[in-house]
Amino acid sequence: MRWQLRRLHYLLQRIGGSVAQRGLRGTISRIVQELRPRSEADPAWELVPLDTPFMPFALPRASEPLVSVIVPIHGKLAYTLACLRSIARHGADAPFEVIVVDDASPDDSAATLARVGGLRLLRNPANLGFIGSCNAGAAQAAGRFLLFLNNDTQVTPGWLDRLLDCFAEETGCGIAGSRLAYPDGRLQEAGGIVYADGEAWNYGRFESRDDPRFLYRRDADYVSGAALMIEAALFRQVGGFDARYAPAYCEDMDLAFAVRAAGRRVIYQPASLVVHCEGISSGLDPFAGVKRYQTVNRGKFVDKWQDALKRQPAPRTPVERAIHRPGLRHILIVDALTPDPARDSGSLRLVNIMRLLREQGWRISFMADNRRASKDEIALLGRLGVHVLCKPWAPPLPAWLKREGAGLDAAMLCRHYVAQPHLSLVRRLAPDAKLLFDTVDLHFLREQRAASHTGNAALARQAEASRQCELGLIRASDASFVVSPVEYGLLAAEVPEARVELLSNVHEVFGRSKPFAQRHGLVFVGGFAHPPNVDAVKWLVEDIYPSIRERLPGMTLHLIGDIPDAARQQFMRPGVQIHGRVDDLGPWMEGCRVALAPLRYGAGVKGKVNMAMSHGLPVVATPIAAEGMNLVDGESVLLGPDAPAFAEAVLRLHEDEELWLRLSEGGLDNVRRHFSFDAARAVLRRVLG
């Protein structure tokens, strides 16, 4: 009876805490999720069957491992073998070793594991418990990083390498932890929350593991010791897992708090997915076996960290608020489409702006105007720490703003046709948010030039309508961004009362990878969704390239970007290779000798020009393509205002190594001075503080 009453009391506590933190509807949903019948396996991955007969197999074992994977075990041989087989199947790019610490197993684990090739098997003379076994394995590890892995887990592709990414890409990362899922596919944990009373919550438990709420990197209070990576030196510095929590429980929270006290960060890494059969090692009953130490050790944890706990969220703080650090500024960004740097230069610019915002301490939520995002796009932004709001996971913008708008510190609306319908809504539902309008480029200027180039009266009328819209948005916003000094000067005359800032394209400088002699051919980058690119390719293929090909018959022209099938047929000729959209421009940036920008109208700064120059690839451009980019003809670019001059410039540059090197260096220097992360960083700090 006492046992039943204790269990009932424990259950009521859980329900009460859940209602406070999730609300009644969320709690009912959570209960339904927990009680829902489970399938045996998730078709999205192939798990190693536990009943696979043992046959000797081998694990990778590096002579100089970067990572030491430490797997403590106490019996449960079938789970251990499945774990090790999954490691053997998926491996890792980084060199690693696997250390199994046998904690006096009551079965024949040690004898069987001795037949696994490449495995380092350590045997405790007596039962030390989980904490003692982990510390013993760490003491024998040769790697610079330690990855503690429960034996009731199975790894998936990228399990180890993506954790390492956090240490390379996240400033001050001290611990990185995986996204944990149950064998039936439901999410088990997406980082942990610790409340001021020491209560811990597994964020996302029983939710869909594909919900974008759980697919972006972020700081966490702690991550589960079931799959946790830490630098070996830092582990020793903080004293390893604290023995006061022996045999187990609260040691991973304690380690995370110790790492944070040392000035380092704890990062949840969703790109590392590990399947965890929770409860196999210690059971699920909180009042029996090792599991009973949860309650005992929580008291020890509270005693040790009582000062640090004062800075944690108050008990019953809603979960969605508790997962973010206090004082973290929140910005909403809305653009027409979810950015894809392989698609267009505007996407690359926005992604790099997001990088800088996160570096400056912003929490970023992104929504495409069509609320669509592919898995790859969600993963890309998730790597940057951006929460993607998309179908079917997030509500439409008005509903989201009703829920979150009061807490927004800033909102950035990109492109006039996205900003125009949303600006007043954001003003009303996010009254404290600084409202930013990112023009991307001035559409009315591009349309005016297109109308002039084509003599299209309807387009001229459209340009005037766009002008009125864009100027009105600029007046109504707290600050507006343009990418070109030409546009900046134009707006200074048109709307002198508005705050306009020059936030141009942002490029990483890759540098020149291959010399002149190892390069050949020409490359144009630009998708046909952008009308100036369609005109440029037509002019290039029909009027410029034939002259080049006549002088150099073996010259190849590479066309890269989204090009419809009909256009492919139109522009297909000897020497022209149409690649379409590619995931990586590197082979062409490194292998071609000249990049082309034959634009006859347009506005803004041309990403294709900066991209080539950031790789040290010289560019031949029209004056309109080089506009507003601080380029000097003959020093950092070659200009060709008409077809004969353009073709002659290409031929000259392709054959003159001295000129090629001068333009390569000049282009690299121009990107460093005018289109670097430092330049954009300063603008964002000036506007947002």
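Read-outs: derived from the displayed coordinates by stated rules, not from any lab. Everything numeric here is computed off the predicted structure, so don't read it as measured data. All Cβ positions, even for glycine, are placed from backbone atoms using ideal geometry, and neighbour counts span all protein chains on display.
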Using θ = phi - 60° and the Karplus relation 6.51 cos²θ - 1.76 cosθ + 1.60, list the HN-Hα couplings for segment 173-186 in order, rounded to whole Hz, with x at every Gly or Pro. 5, x, 9, 10, x, 7, 7, 9, 10, 6, x, 7, x, 6
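With +1 assigned to the C-beta of every Lys and Arg and -1 to the C-beta of every Asp and Glu, and no other charges, what is the dipole magnitude of segment 329-502 about the Cα centre in debye, to the nearest 20? Display every interim value, and only then the final one.
Details: 23 positive and 20 negative charges, 111 e Å.
For this selection, approximately 540 debye.
Report, in deg cm²/dmol and to the nearest 500, the calculated mean residue ellipticity at 222 nm for the chain, where each DSSP H run with n ≥ 4 adds -39500 (n - 2.57) and the sum is divided by the residue count.
Numbers: 25 runs with 279 residues, N = 689.
After summing the helix terms and dividing by the residues of the chain, the value is -12500 deg cm²/dmol.
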With a ≥ b ≥ c the root eigenvalues of the C-alpha gyration tensor of segment 329-502, is it rounded (a/c under 1.5), prolate (a/b larger than b/c) or oblate? prolate
Here the net charge surrounding residue 518, from other residues whose Cβ is less than 13 Å away from its Cβ (Lys, Arg +1; Asp, Glu -1), is +2
Based on the alpha-carbon gyration tensor of segment 478-547 and its eigenvalue square roots a ≥ b ≥ c, which shape applies: rounded if a/c is under 1.5, prolate if not and a/b is larger than b/c, or oblate? oblate
Say the dipole of segment 516-675 comes from +1 at the beta carbon of Lys and Arg and -1 at that of Asp and Glu; which of 628, 582, 521 then lies farthest toward its positive end? 582
Long-range amide H partners of residue 57 with built H, under 5 Å: 117
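When the dipole is taken about the Cα centre of the chain, and only Lys, Arg (+1) and Asp, Glu (-1) are charged at their Cβ, what size is it in debye, to the nearest 20? Walk me through the numbers on the way to the answer.
Numbers: 83 positive and 78 negative charges, 443 e Å.
Once rounded to the nearest 20, the dipole reads 2120 debye.
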Taking H as built 1.01 Å from N, whose amide H comes closer than 5 Å to the amide H of residue 369, not counting residues under 5 places away? 335, 336, 337
The simple spin-label model distance between residue 211 and residue 552, using points 7 Å out along Cα→Cβ, in nm, is 5.7
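Find the relative contact order for the chain and round it to a whole percent, using C-alpha pairs within less than 8 Å whose residues are 6+ positions apart. Intermediate results must be reported in sequence, preceding the final value.
Values: 1362 pairs, mean separation 61.6, N = 689.
This gives 9 percent for the chain.
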Amide proton proximity set for residue 188, modelled H, under 5 Å, gap of 5+: 180, 181, 182, 206
Contour minus Cα-Cα span, residue 314 to residue 127, at 0.36 nm per residue, comes to 63.5 nm
Using only Cα atoms, locate the centre of segment 198-216 and the centre of segment 622-639, then give the distance between them in Å, rounded to an integer. 50
Could you sort out which of 391/606; 538/606; 310/402; 514/608 sit more than 25 Å apart by Cα distance in this structure? 391/606; 310/402
Just to check I understand the Karplus step: with θ = phi - 60° and J = 6.51 cos²θ - 1.76 cosθ + 1.60, what whole-Hz values come out for segment 531-537, glycine and proline as x? x, x, 5, 4, 5, 5, 5
For residue 304, which aspartates and glutamates qualify as cross-link partners when the Cα separation must be under 17 Å and same-chain residues fewer than eight apart are set aside? 197, 199, 221, 242, 251, 252, 254
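How much length is gained on full extension from residue 528 to residue 325, taking 0.36 nm per residue of separation minus their Cα-Cα distance?
Details: separation 203, 0.36 × 203 = 73.08 nm, distance 4.29 nm.
Using 0.36 nm per residue and subtracting the Cα-Cα distance, I get 68.8 nm.
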For segment 119-132, just list the computed ³J(HN,Hα) in residue order, Karplus coefficients 6.51, -1.76 and 1.60, θ = phi - 60°, integers in Hz, with x standing in for Gly and Pro. 8, 8, 10, 10, 10, 6, x, 9, 5, 9, x, 4, 5, x
For residue 543 and residue 630, extending 7 Å from Cα along the Cα-Cβ vector and measuring point to point gives, in nm, a value of 3.2
Below 12 Å, Cα to Cα, which aspartates and glutamates can residue 434 reach? Residues fewer than 8 away in the same chain don't count. 409, 478
Which label marks the calculated value of mean projected area of the Cα convex hull in nm², given the options [x] 34.3; [y] 28.8; [z] 40.9? [x]
Under 12 Å from the Cα of residue 375 - aspartates and glutamates, other chains or at least 8 residues apart: 210, 211, 340
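Would segment 516-675 count as rounded, prolate or oblate if I go by the C-alpha gyration tensor, calling it rounded below 1.5 in a/c and otherwise prolate when a/b exceeds b/c, oblate otherwise?
On the way: a/c = 1.42, a/b = 1.23, b/c = 1.16.
Rounded, because the longest to shortest axis ratio a/c is under 1.5.
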Using packing as a proxy for protection, rank 227-235, 249-257 so that the peptide with the highest average count of other Cβ atoms within 10 Å comes first. 249-257, 227-235
Distance between Cα centroids, segment 242-274 to segment 426-442: provide it in whole Å. 39
At 7 Å along Cα-to-Cβ for each site, give me the label-to-label distance between residue 517 and residue 104 in nm. 7.0
